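Report on one structure; see the data block that follows.
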Amino acid sequence: MKMTHIVNGRIIDPANKRDEIADLWIANDLIADPPTDAAERSESDVIDASGLLVCPGLIDMHVHLRDPGQPQKETIASGSRAAAAGGFSSVVCMPNTNPVADNAGTITLIRERAQASAAVNVFTTGAISKGLKGEELAPYGAMAAAGIVAITDDGQCVQNHEVMRRAIEYAHLFGLPVLDHCQDYSLVGHGVMHEGEWSLRLGLPGWPRIGEEVIVARNILLAELCNSPVHCQHISSGGSVSLLRTAKARGIKISGEVCPHHIVLTDECLRTFDSNYKMNPPLRTASDIDAILEGLADGTLEILCSDHAPHAFYEKEVELDHAPFGITGLETEFGLFCDVLVHKRKVLDLSRLIAMFTMNPARLLALDRGTLSTRAPADVTLIDPDLEWTFDKERSQSLSRNTPFHGFELKGRAVRTIVAGRTVWKIED
Ligand SMILES: [Zn+2]
């Protein structure tokens, strides 16, 4: 048996309510109790974690790996390397691949590719509707059997509420949560940025807050009607936070997630017409940021993720109206959140920050991850919460470079990522 002994670190394991300086033992690919055998103790590999946090491997439940179908943007191999370099031992990939992951065959293909080439655990989601068209439900039973952990039409949004109701009810039969990209097509139209002062000044079509809020409200009502969980992806609007807060207080199974760009950047960034500020949903205003931070502080929003959305440079190097939405995010995500939420705005302590990357997504998706319990898979992330570093996009593991965070000075970084007992990435000394 191969034993690994991580010594002197501060173990933060929210699922077990632990926050203490202690040692962690790994036996092969599982978290283990300390060995009683002196020989095993002395022959173990020792990792010194002095000054570091020792956390369950981080989970990013919203990434686009573009595989199959768009290897010019990313592959499972490259995207999972970026995940490892960001401190993530697990990612959940979205089904808007080519072909769309709306059937068991494509899910199986993705899982087999991940098995063969991924540096980290890749969990798959299936589409809500066939071809992401919002009309006909995909076969959830067959996709569940193939191993999906949730359904979502991310990138698209089911507009027909009756179809969405049936999707939630049908997913409930298989114990699958529904993740929704909240966008009302009639209200958003061809909007490319937040509808407000800056869209007016720049003469660009606006994507109003209400285009998100209407669907958040719809999802709250459907989650209540069906008594089944619905999760609102990448919340951008302060109004959505208020809706989620009152719904959660009423006990409705609704939740929301936050991406770093929505708390770090505002619509004013589009002043440069740089397509790396074009996201869906769009960057909004300082008041939205404050509302999202309040929502994180009071527990209305419980999950942090990247919405890692790689695009090739030539796809982004076009007029703003025509550029695709989205940015890469796996390698900047932890640093941005730690820097802003813990250090600068002091919205969360480290333990709550880690919970939002581990226990909370694991619970929503019923993953056997996000914990350092004995006999859990040995996915562990070592973090230096005070490390000051500068992000250099040229050194990114992703195949794409569409990020607005090049040159950002951040405080807090993962320094080693362990998946199933094996170090898959570590910072260069
Ligand atoms: Zn989306």
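The values are calculated or read from the model by the stated rules, or taken from the named source; none is laboratory data. In this text, all values refer to a predicted model and were calculated from it rather than measured experimentally. Every residue, glycine as well, gets a Cβ built from its backbone with ideal geometry; the counts of neighbours run over all protein chains shown. Each accessible area value is taken on the protein alone, full model and side chains, heavy atoms only, with ligands, DNA and RNA left out. Shrake-Rupley method; radii C 1.70, N 1.55, O 1.52, S 1.80 Å.
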In the stretch 300-329, what count of residues is obtained for those that are at pLDDT 95 or above and among the hydrophobic types (A, V, I, L, M, F, W, C)?
4
Cβ-Cβ under 6 Å, sequence separation 6+ or interchain: first residue in the stretch 66-86 and touching a residue at least 40 places away in the same chain (Cβ under 8 Å), partner assigned to a helix (DSSP H, G or I) and of a type in the set (F, W, Y). Which pairs?
G86/F334
Assess whether I289 counts as being modelled with pLDDT of 95 or more, over 30 Å from Q70 (Cα atoms) and either open to solvent by less than 20 Å² (accessible area, probe 1.4 Å) or of a type in the set (F, W, Y) (or both).
yes
What is the residue count in the stretch 238-256 for residues that are in contact with a Gly (Cβ under 8 Å, 6 or more places away or on another chain), in a helix (DSSP H, G or I) and either small (G, A, S) or within 16 Å of the ligand (Cβ to nearest atom) (or both)?
1
Of all residues in the stretch 320-341, which are closer than 18 Å to S400 by Cβ, among the hydrophobic types (A, V, I, L, M, F, W, C) and in contact with a Gly (Cβ under 8 Å, 6 or more places away or on another chain)?
L330
Looking only at the stretch 23-69, how many residues end up being exposed (fewer than 13 other Cβ atoms within 10 Å of the Cβ) and within 16 Å of the ligand (Cβ to nearest atom)?
0
Among the helices (runs of 4 or more DSSP H) contained in the stretch 127-237, which hold 1 or more residues that are surrounded by fewer than 19 Cβ atoms within 10 Å (Cβ to Cβ) and within 16 Å of the ligand (Cβ to nearest atom)?
185-188
If you scan the stretch 1-23, which residues turn out to be closer than 13 Å to R352 by Cα and free of Cβ contacts under 8 Å to residues at least 24 places away in the same chain?
K17
For C269, all conditions in the list (1) part of a helix (DSSP H, G or I); (2) touching a His at 6+ places or on another chain (Cβ under 7 Å); (3) among the hydrophobic types (A, V, I, L, M, F, W, C) hold save one; what is the number of the exception?
(2)
Take the stretch 108-126 and flag every residue that is closer than 17 Å to R369 by Cβ and assigned to a helix (DSSP H, G or I).
R111, A114, Q115
Which residues, taken from the stretch 108-126, are more than 16 Å from the ligand (Cβ to nearest atom) and small (G, A, S)?
A114, A116, S117, A118, A119
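One line per residue, one yes/no per condition, for (1) outside any helix (DSSP H, G or I); (2) in contact with a Pro (Cβ under 8 Å, 6 or more places away or on another chain):
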{"site": "L283", "(1), (2)": "yes, no"}
{"site": "S287", "(1), (2)": "no, no"}
{"site": "L296", "(1), (2)": "no, no"}
{"site": "G299", "(1), (2)": "yes, no"}
{"site": "P324", "(1), (2)": "yes, no"}
{"site": "T328", "(1), (2)": "yes, yes"}
{"site": "E331", "(1), (2)": "yes, no"}
{"site": "L336", "(1), (2)": "no, yes"}
{"site": "D339", "(1), (2)": "no, no"}
Can you find a residue that is more than 16 Å from the ligand (Cβ to nearest atom), touching a strand residue (DSSP E or B) at 6+ places or on another chain (Cβ under 9 Å) and of a type in the set (D, E) anywhere in the stretch 305-327?
no
